[in-house]
Amino acid sequence: MHKSNHILLIPNWDIYIIPSWDNNVKGGEHLRLKELRKRRGISQLRLALELGMNQNSISRYENGEREADYRTLIRLADYFNVSIDYLLERTDNPMVNR
């Protein structure tokens, strides 16, 4: 009998797109990140400065032009005190389980 050695390749899923909050908006570009930021009453620039990021990155996350990595998702979720699942619209419950 011939034994075959199969290697299972698992993709690297370390980048996510923060999904659209309202699919009725043109291009689905309105993001939960934008809603959280506006609810707090801060600009993209202020958010970027407080997180040590670039304002263009915040804009691109909100417009779906750029994907957030794990560290960025954690920083955003911690900043707004919401779960990553809430940020990614996997739940409507913003509570963080720690």
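Find out how many positive minus negative residues lie around Arg37, taking Lys and Arg as positive, Asp and Glu as negative, among other residues whose Cβ is under 11 Å from that of Arg37.
Around Arg37, the surrounding residues sum to +3.
Let me know the shape class of segment 31-79, please: from the alpha-carbon gyration tensor, a ≥ b ≥ c as square roots of the eigenvalues, rounded when a/c is under 1.5, otherwise prolate if a/b is greater than b/c, or oblate.
In terms of gyration-tensor shape, rounded.
On a full-extension model of 0.36 nm per residue, what is the gain between Asp78 and Asn93, subtracting their alpha-carbon distance, rounded to one decimal in nm? Mind dumping the intermediate values first?
Numbers: separation 15, 0.36 × 15 = 5.40 nm, distance 1.48 nm.
Here the segment from Asp78 to Asn93 would lengthen by 3.9 nm.
Name the residue from Ala77, Leu49, Leu36 whose Cα lies farthest towards the positive end of the charge dipole of segment 30-98, charges +1 on Cβ of Lys and Arg and -1 on Cβ of Asp and Glu.
With unit charges placed on the Cβ atoms, the residue in question is Leu49.
Please compute the per residue accessible area over segment 54-97 with all protein chains in place, 1.4 Å probe, rounded to a whole number of Å².
Per residue, segment 54-97 has 60 Å² of solvent-accessible surface.
The values are calculated or read from the model by the stated rules, or taken from the named source; none is laboratory data. As the structure is a prediction and not an experimental result, all values here were calculated from the model. Ideal geometry is used to build each Cβ from the backbone, glycine not excepted, and the neighbour counts take in all protein chains shown. Please note that ligands, DNA and RNA were not included when accessible areas were found on the heavy atoms of the full protein model with its side chains. Shrake-Rupley method; radii C 1.70, N 1.55, O 1.52, S 1.80 Å.
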